[in-house]
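> Dropping the structure in here first, questions after.
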Amino acid sequence: MTREWEGCEAPRPRSLASPKIELRTTGLGRGVFATEAIAAGELLIAVAHVFVAEAGQYTIQLDDDRHQAGTGEIDDFLNHACEPNAALDAERLCFVAVRPLASGDEVTFNYLTSEWDMAAAFECRCGAERCFGTIRGYRHLSREQQDSLAAAITPFLRRKRASGLPSAA
Ligand SMILES: [Zn+2]
């Protein structure tokens, strides 16, 4: 385990953010941006250990009735993209870079890899060739779309996905 993960294991009332990212306001609203180059695999944000039972605009789903709460910190402003450069490590409750980022790149996360049924749907304009369009949660995707995300989804969504498969009996 590398040193940067040490803070990730301890209970934390506040989020911890890499010094290589910052919150910025653009013409499209607020977002999280790299302030220097970031390698794939680097820790970006360790989210606060604060949980709520109901989904909201800034929550991250961990189980049917367990969501990481919006705490007003930087992770609340991670915008969605269908081909993101960051992913959630749901066991450590950390966001990690999955591709190298250049200084100035927006840090993005695919909400469909953690959310089953979102509190508020929105129309994605990420521009990816395989954009999912309306983002409403994993449950609303076609089987083909669900399959395309199978390697990226959280343990909670893997359980939901497994329970939704037709019985072999
Ligand atoms: Zn998209």
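Every number in this text was worked out from the coordinates using simple rules, so none of it is lab data. The structure presented is a predicted model; accordingly, all values stated were derived computationally and were not measured. Heads up, the Cβs are rebuilt from the backbone with ideal geometry, glycines too, and the neighbour counts pull from every protein chain shown.
> Could you calculate the FRET efficiency of H49 with T25 from 1/(1 + (r/R0)^6), where r is the beta carbon distance between them and R0 is 30 Å, rounded to 0.05?
0.65
> Okay, next question. What does the extension gain come out to for A121 and T71, with contour length at 0.36 nm per residue minus their alpha carbon separation?
Fully extending the segment from A121 to T71 adds 15.9 nm.
> Continuing with this model, one more query. For the chain, taking Cα atoms only, what is the radius of gyration to one decimal and the Dmax to the nearest whole Å?
15.7, 54
> Oh, and also: With θ taken as phi - 60° and the coefficients 6.51, -1.76 and 1.60, list the Karplus ³J(HN,Hα) couplings across the range 141-158 in order, rounded to whole Hz; mark glycine and proline as x.
Values, residue by residue: 7, 5, 4, 5, 5, 4, 4, 5, 9, 3, 6, 9, 7, 6, x, 4, 5, 5 Hz.
> Another question, then. What do you get for Rg/Rh of the range 101-169 when both radii come from the Cα atoms and Rh is the Kirkwood radius? Show your work: numbers first, answer last.
Numbers: Rg = 13.7 Å, Rh = 13.3 Å.
Rg divided by Rh gives 1.03.
> Return the long-range amide H neighbours of V98 (sequence gap of 5 or more, or a different chain), with a cut-off of under 5 Å between placed amide H atoms.
Amide H neighbours of V98: G41, A86, A87.
> In units of 2.2 N^0.38 Å, what is the alpha-carbon radius of gyration of the range 11-89?
1.12
> Give me, ordered by chain and number, the residues 5 or more places off V50 or on other chains with an amide H under 5 Å from its own placed amide H.
A69
> Still on this structure, please answer the following. How large is the dipole of the range 3-163 about the Cα centre if only Lys and Arg carry +1 and Asp and Glu carry -1, each at its Cβ, rounded to the nearest 20 debye?
220
> Just to be sure I understand: with springs between alpha-carbon atoms less than 10 Å apart, which residue in F122, F51, F156 has the highest mean-square fluctuation in the Gaussian network model of the chain?
Judging by the Gaussian network model, the answer is F122.
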